[in-house]
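Every read-out reported here was derived from the displayed coordinates using simple, explicitly stated rules and does not represent laboratory data. Keep in mind the model is a prediction, meaning the values are calculated, not measured. Backbone-built Cβ (ideal geometry, glycine too); neighbour counts: all protein chains shown.
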Amino acid sequence: MPVITVDKKDLETLSGMDAKTIIDNVSMIGAEVERLEDEFVDIEFFPNRPDLYSVEGVSRAMKAFLGKKTGLSTYEVSAPQITISVSNEVLKVRPVLGCAVIRGLSFTSSAIKSLMDLQEDLHWALGRNRKKVSIGVHDMSGIVPPFTYSVESPNFSFVPLDHTEKMSMADVLRSHAKGVKFAHLVCDMEKYPIIKDSNGNVLSFPPIINGTLTSVTEKTKDLFIDVTGTGKEVFVALNIVVAALSERGGKIEAVTIVSNGEKRNYPDMAPKPYMIMLEEIESHLGFKMKPEEVIQCLEKMGHNASVLSESPVSFEILVASYRADILHKYDIIEDVAIGYGYANIPSDLPQNYTMGQAHPTSRVRQSSSEVMVGLQFNQVMPFTLTSPKIHFENMRRPVTDDVTYVLHPISEDQTMVRTTLLPGLLEILSLNQHRELPQSIFEVGEAVVGGKNKQKIAAVSIHHAANFTEISEIADAYLREMKIDYELKESDDPAFLKGRAADIYVGGKKIGAFGELHPGVISSFELGYAVIGFEADLTDLF
């Protein structure tokens, strides 16, 4: 989940409230204070609230929640003065475009940082690492409208951000830091998308990098914003950025986008209407509410609400255009609960009392953890989502047909649910190479194999003298402490070094393996020392 660094003074200036009051209450809207310092506070927000990924968004939400300025925040959009034309060629590669102009800004260093951080967080939360959404913000002082959104050949040259010399678009992808990182998004295109002004100056090479001509500084007064992508998330991201800049006193001006002979003006900041019945709210929350209480709760969450009918009681709710999390009426019911306060919801004791006891699976997990801690291993919790590259290619294992893939992954690194635990442990070792050796870690967790959840245990250790004898002793100690009779056979698992690995059999069934990791696996995870490991299926064991 994204962690937002908020400047306390900036927060107080924008909200007109004491920063401590906001920090003490921000957890009530779905956040957690991660770090508190003299001048800054780091706040972690849920991924479903990208409108809160900036100090401006936090200020707006908390003013409503704490009663300083309740209800819907409205934004006036003046008539367009600028046009951007979209070529038919670019519609084939990156077809969706949203734009806006913000005038009359007064930037400070903290305001610029907030804007840049918001931009990158939206790239992650809504854009799937720029694949679906990429945002460009441009100082308008050095560019001349009208603008064009079209394509250019890879040999086309311009001066990219943070450079002083021209580079071809192909060179940007090969040698510029941002180009190398996001080249995979455009590498299959014959021509690349580009935004230029009437003099041919480059504003942006989306979704890779802006031109240096439009860099934002503290002298910037007017901004041109472009958001490109592949779906409707483009317009949500545009509205979030526009609303944040408007909170700083910027004046919103529409831009006319001409595409396929049609003209449309953006941004569209009109609120979205919803209708909901009082009985639906009460049914889901489990207690009775007065209509005025519902309205008050929704206004605390930044909505406008009014009674639509008296019998049965129903409401009309207007939701801000930047609220990407409101997809249907159940999200509105959730906001009623948040506005009411979870701590204020009445509680009832259960009518029947039962004696509870630990689940057998929990007992096995607990016992396994205690044994491994006794063997001087540290417990970790890697992600359950991974990718075929990490899970199979890096482990030198063939892709199996028992994998559960994510239907709509948010990134290329999280496209499947793990079937084994070892790759996740090796990733953790890779991320902790700056720490002293030896490092010995383990996990007791779930994997999904053939659509079924499996409880597994895995452990790895890295140091210069790690060898087969050591891991066989560790595996033996674990199995004996768990009172398991086992047999060993030579393993042909390609993740391990041949001749220095063994499969574990219990009751004639293979339940795991251990050994020295293959040098190819060690190199794939960029580790510089010998690594040993073992893994066993607890579901089969118990």
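Things worth noting here:
- Candidates H163, T83, P398 compared by Cα position along the dipole of the chain: farthest toward the positive end lies T83, with charges placed on Cβ.
- Computed from phi, the 3J(HN,Hα) profile of the range 499-516 under the Karplus parametrisation 6.51, -1.76, 1.60 (θ = phi - 60°) reads x, 10, 8, 9, 8, 9, 10, 10, x, x, 10, 6, 10, x, 7, 8, x, 8 Hz, with x in place of Gly and Pro.
- Inter-label distance, nm, simple model (7 Å from Cα along the C-beta direction), E293/D402: 5.2
- If R0 is 45 Å, the Cβ-Cβ spacing of E487 and H464 corresponds to a FRET efficiency of close to 0.90.
- When peptides 507-518, 349-360 are sorted by average Cβ neighbour count within 10 Å, with the highest value leading, the order is 507-518, 349-360.
- C-alpha long axis of helix 55-65 to longest principal axis of the chain, angle in °: 80
- When peptides 371-380, 91-100, 46-55, 491-500 are ranked by their average number of other Cβ atoms within 10 Å per residue, the highest-first order is 46-55, 91-100, 491-500, 371-380.
- Length gained on full extension, H434 to S523: 30.4 nm, using 0.36 nm per residue less the C-alpha separation.
- Relative to the Cα centre, the charge distribution of the range 1-108, modelled as +1 at Lys and Arg Cβ and -1 at Asp and Glu Cβ, gives a dipole magnitude of about 560 debye.
- When each of K221/K263; K131/K389; K196/K263 is checked by Cα-Cα distance, pairs over 21 Å: K221/K263
- Positive-pole candidate from N239, F182, N201, dipole of the range 170-243, charges at beta carbon: F182
- For the chain, a crude dipole built from +1 on the beta carbon of Lys and Arg and -1 on the beta carbon of Asp and Glu, taken about the Cα centre, is about 980 debye to the nearest 20.
- Taking amide H as placed 1.01 Å from N in the peptide plane, I4 has its amide H under 5 Å from the amide H of I43, E44, F45, each at least 5 places away in sequence or on another chain.
- Of all DSSP beta bridges in the chain, antiparallel share, percent nearest 5: 90
- Size-normalised alpha-carbon gyration radius of the range 108-249, reference 2.2 N^0.38 Å: 1.00
- Size of charge dipole - the range 411-477 - debye, nearest 20, with Cβ of Lys, Arg +1 and Asp, Glu -1, no other charges: 260
- Additional length obtainable on full extension of the chain from V448 to H328, 0.36 nm per residue less Cα span: 40.1 nm
- Kirkwood-based Rg to Rh ratio, the chain, C-alpha trace: 1.03
- Computed from label points 7 Å out along Cα-Cβ, the spacing between K510 and V380 is 2.5 nm.
- Annotation for the range 215-306: trypsin sites (Lys or Arg not before Pro) lying in DSSP loop with at most 14 further Cβ atoms inside 10 Å of their Cβ are K219, K221, K232, K288.
- For the range 21-71 versus the range 467-488, the gap between their alpha-carbon centres in whole angstrom: 50
- Relative to its residue count, the range 3-65 spans a Cα convex hull of 67 Å³ per residue.
- Length released on extending from R264 to V159, taking residue separation times 0.36 nm less the Cα-Cα span: 34.7 nm
- P(r), alpha carbons of the range 360-541 - 10 Å bins starting at zero, rounded %: 10, 39, 39, 11, 0
- Nearest-0.05 FRET efficiency for K232 and S150, computed from C-beta distance (R0 22 Å): 0.45
- Partner lysines for K510 [C-alpha distance under 19 Å; skip if fewer than 8 residues away on the same chain]: K452, K454, K456, K483, K489, K498
- If you plug the beta carbon distance of E32 and K219 into 1/(1 + (r/R0)^6) with R0 = 35 Å, you get a FRET efficiency near 0.45.
- Virtual paramagnetic centre 7 Å along Cα→Cβ of V307, amide N under 18 Å, in the range 274-301: 275-282, 288-299
- Ordering H303, N453, L375 by Cα displacement along the dipole of the chain toward the positive end leaves H303 in first place; charges were set at the Cβ atoms of Lys, Arg (+1) and Asp, Glu (-1).
- For peptides 135-143, 151-159, sequence by mean Cβ density within 10 Å, most packed first: 135-143, 151-159
- Euclidean distance of C-alpha centroids, the range 362-412 and the range 491-542, integer Å: 13
- Taking a straight Cα-Cα cut-off under 25 Å and skipping sequence neighbours fewer than 8 places away in the same chain, the lysines within cross-link reach of K69 are K8, K9, K20, K251, K272, K290, K300, K329.
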